Amino acid sequence: MAELSKTDLDSIKTGMRVKGRLIPVVSAQTAVENNKNTEKRDTKYLHPSEICKRDWCPRSSMYKILGEPETKEKQHGFTTLNIFATGHLIHNKWQGWLERAGVLKQTELPIFDEEYHIMGTADGLIEDANGQAILEIKSLGTGTVRYENMDLYKQYESKEITDAELFKRIRQPFITHLRQLNLYMHVTRIHQGIILYEWKATQECKEFEVKYQPALIQHILAAAALVKQHLQNGTLIDRPDWAEKDHKTCKQCPYKDLCWRNNVYGNNATNQPSNAELSREVQPS
């Protein structure tokens, strides 16, 4: 048996506090497996899934790249890890189906751009009678809607619409996913993409064909280039203009204490476009 780290032991202790006979064992096991997967993740580059979020902080990403110690290691509970596992299973089944159908030519397509210090992985490369397209698979739940479209989520929360109706109201990709796919298309020079959504509650699905829209990611590329410039110069990038000590993102940041000991402040082109600006950028199938 492999030697367990202090983090693993802490995770096991936390997992075993759950009531039951089997769930505590699985809770501890998933925590240890997540620790191992976290150790394997690259921390030296910017990752599309992170930098395409509306509240991305380039300064926080730079602290991670520089290997600064986190104020507090983030520990995910069993429910969150179970959600992650379900997402992985949904990805795997769609990739398997599409590969056996002969239209998925490559799974886990590497994404790398040294100019912008970006590294990641797209879910696949589609090739059919319509040509090539980058595939991005997303498993959705009410939590995704709450994060990506609060106005829509409030209709569900107030019981104006049901869980099933909530998914039907999603008529275009969410902002984060749209930027992420456009970033993949920018790096690969394949300017067609498909976002595939599966609703975890009912397994209903829908897809969106997306054409490359470089304007959607210009601010992301500008901020990424600035991060690389600061890394090369040995300097620290300013905080984004929305950053405040009581901002939710800042309060949850593992580098908050280190960051706010340094009073440097400024803008770095991380303002994000609105839902309205994105509504014209996609074509639902």
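Couple of notes before you dig in:
- All positions within region 68-118 that are open to solvent by 50 Å² or more (accessible area, probe 1.4 Å) and in a loop (DSSP other than H, G, I, E, B): Glu68, Pro69, Glu70, Thr71, Lys72, Glu73, Lys74, Gln75, His76, Ala101, Glu114, Glu115
- Among (1) in a strand (DSSP E or B); (2) farther than 30 Å from Thr43 by Cβ; (3) small (Gly, Ala, Ser) - the single one Gly193 does not satisfy: (2)
- Given (1) of a type in the set (D, E, K, R); (2) farther than 19 Å from Arg189 by Cβ; (3) not in a strand (DSSP E or B), index of the condition Lys138 fails: (3)
- Matching option when the condition is crowded, with 17+ Cβ neighbours inside 10 Å and at pLDDT 95 or above, among Asn130, Asn149: Asn149
- Members of region 152-163 found to be part of a helix (DSSP H, G or I) and either touching a strand residue (DSSP E or B) at 6+ places or on another chain (Cβ under 8 Å) or at pLDDT 95 or above (or both), listed by number: Leu152, Tyr153, Lys154, Gln155, Tyr156, Glu157
- Some residue of region 40-52 being part of a helix (DSSP H, G or I), under 30 Å from Ala133 (Cα atoms), open to solvent by 60 Å² or more (accessible area, probe 1.4 Å) and not hydrophobic (A, V, I, L, M, F, W, C): yes
- Scanning region 196-235 for residues that are over 30 Å from Thr162 (Cβ atoms), in a strand (DSSP E or B) and without any contact (Cβ under 8 Å) to a residue 60 or more places away in the chain returns no hits.
- Residue pairs whose Cβ atoms lie under 6 Å apart, separated by 6 or more positions or on different chains, with the first residue in region 122-146 and within 19 Å of Gln172 (Cβ to Cβ) and without any contact (Cβ under 8 Å) to a residue 12 or more places away in the chain and the second open to solvent by less than 40 Å² (accessible area, probe 1.4 Å) and not basic (Lys, Arg), are Arg146/Tyr153.
The values are calculated or read from the model by the stated rules, or taken from the named source; none is laboratory data. From a predicted model like this one, the values you see are computed outputs, not experimental measurements. Glycine gets a Cβ as well: all are built from the backbone with ideal geometry, and neighbour counts include every protein chain shown. Ligands, DNA and RNA are excluded from the accessible area calculation, which covers all protein heavy atoms including side chains. Shrake-Rupley method; radii C 1.70, N 1.55, O 1.52, S 1.80 Å.
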